[in-house]
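Peer 1: Before I ask anything, let me first share the structure, which is written out below as structure tokens.
The values are calculated or read from the model by the stated rules, or taken from the named source; none is laboratory data. A quick note: this is a predicted structure, and the numbers were derived from the prediction, not measured. Because the Cβ atoms are built from the backbone with ideal geometry, glycine has one as well, and the counts that use them run over all protein chains shown. Just the protein is used for accessible areas: all its heavy atoms, side chains included, with ligands, DNA and RNA removed. Shrake-Rupley method; radii C 1.70, N 1.55, O 1.52, S 1.80 Å.
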Amino acid sequence: MWVLRIVTEPAQPRNAPEFTLRDSTGANVHLSDYKGKVVLLNFWATWCGPCNIEIPWFIDLERKYQGRGFAVLGVSMDDEGWKVVKPFIEMKKINYPVLLGSDEISRLYGDIESLPTTLLIDREDKIASLYTGVVSRDIYEREISQLLGN
């Protein structure tokens, strides 16, 4: 049985905090690199069962919407780092940037305590929605489509 807690449309929309994290190739990735795009920012871990359910959806959503101003960013919160994350990326054939998270980014985003935690960020860098726990693909797709202006 899954526990689902959804918090959408924050009362006071706030800007998504800027960050710089390394991707699996060692390159620095900044949230500001995605300015003007709708971003699905997913905090996850390789050992997280619900995360493993959502990742294939995010792969499909990246493929479907990437040409329309949409991007997925995965932030792994695995304590073991790249030694467990890189093989996982290859095994799952993840087609979007995966970044290695830290306590600092967790604090920036309100002390991430549950995985998965997913934010949808609009084109103006405002946090449009925050989801904690597994959410249906239909919910993500509907909101992404709205944020893209469809």
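Peer 1: Given the options LEU130, GLY67, SER32, identify the residue whose Cα lies farthest towards the positive end of the charge dipole of the chain (+1 on Cβ of Lys, Arg; -1 on Cβ of Asp, Glu).
Peer 2: Among LEU130, GLY67, SER32, the one farthest towards the positive end of the dipole of the chain is GLY67.
Peer 1: In cubic angstrom, how much convex hull volume per residue do the alpha carbon atoms of segment 66-150 span?
Peer 2: Convex hull of Cα atoms, per residue: 109 Å³.
Peer 1: Another question about this same structure. Mind putting a number on the dipole of segment 67-109 about its Cα centre? Charges go on the C-beta only, +1 for Lys and Arg and -1 for Asp and Glu, and I need it in Debye to the nearest 20.
Peer 2: Result for segment 67-109 is approximately 320 debye, rounded to the nearest 20.
Peer 1: In addition: Ignoring any ligand, DNA or RNA, what whole percent of the accessible area of the chain comes from carbon and sulfur when the probe is 1.4 angstrom?
Peer 2: The computed percentage sits at 50.
Peer 1: What order do GLU124, GLU80 take when sorted by accessible area (1.4 Å probe), most exposed first?
Peer 2: Solvent-accessible surface, decreasing: GLU124, GLU80.
Peer 1: Mind ordering 27-38, 46-57 by average Cβ neighbours within 10 Å, highest first?
Peer 2: 46-57, 27-38
Peer 1: At a threshold of 8 angstrom on Cα-Cα distance, excluding pairs fewer than six apart, so keeping six or more, what relative contact order does the chain reach in percent?
Peer 2: 38 percent
Peer 1: If you take the alpha carbon radius of gyration of the chain and divide it by 2.2 N^0.38 Å, what ratio comes out, to two decimals?
Peer 2: 0.96
Peer 1: Further question on the same structure: Between LYS93 and LYS35, what's the calculated FRET efficiency when r is the beta-carbon distance and R0 is 25 Å? Round to 0.05.
Peer 2: So the FRET efficiency works out to roughly 0.35.
Peer 1: A further question follows. Suppose accessible area is computed on protein heavy atoms with a 1.4 Å probe; arrange THR25, THR132 from highest to lowest.
Peer 2: Listed by decreasing accessible area, they come as THR25, THR132.
Peer 1: Let me know the charge dipole size of segment 1-143 about its Cα centre in debye, to the nearest 20, where only the beta-carbon of Lys, Arg (+1) and Asp, Glu (-1) is charged.
Peer 2: So the magnitude is around 420 debye.
Peer 1: What order do THR117, THR20 take when sorted by accessible area (1.4 Å probe), most exposed first?
Peer 2: Ranked list, largest accessible area first: THR20, THR117.
Peer 1: Please give the Cα centre distance for segment 12-37 versus segment 85-150, rounded to the nearest Å.
Peer 2: One Cα centre to the other: 12 Å.
Peer 1: When all alpha-carbon pairs of segment 63-114 are counted, what percent fall beyond 16 Å?
Peer 2: Cα-Cα pairs of segment 63-114 separated by over 16 Å account for 50 percent.
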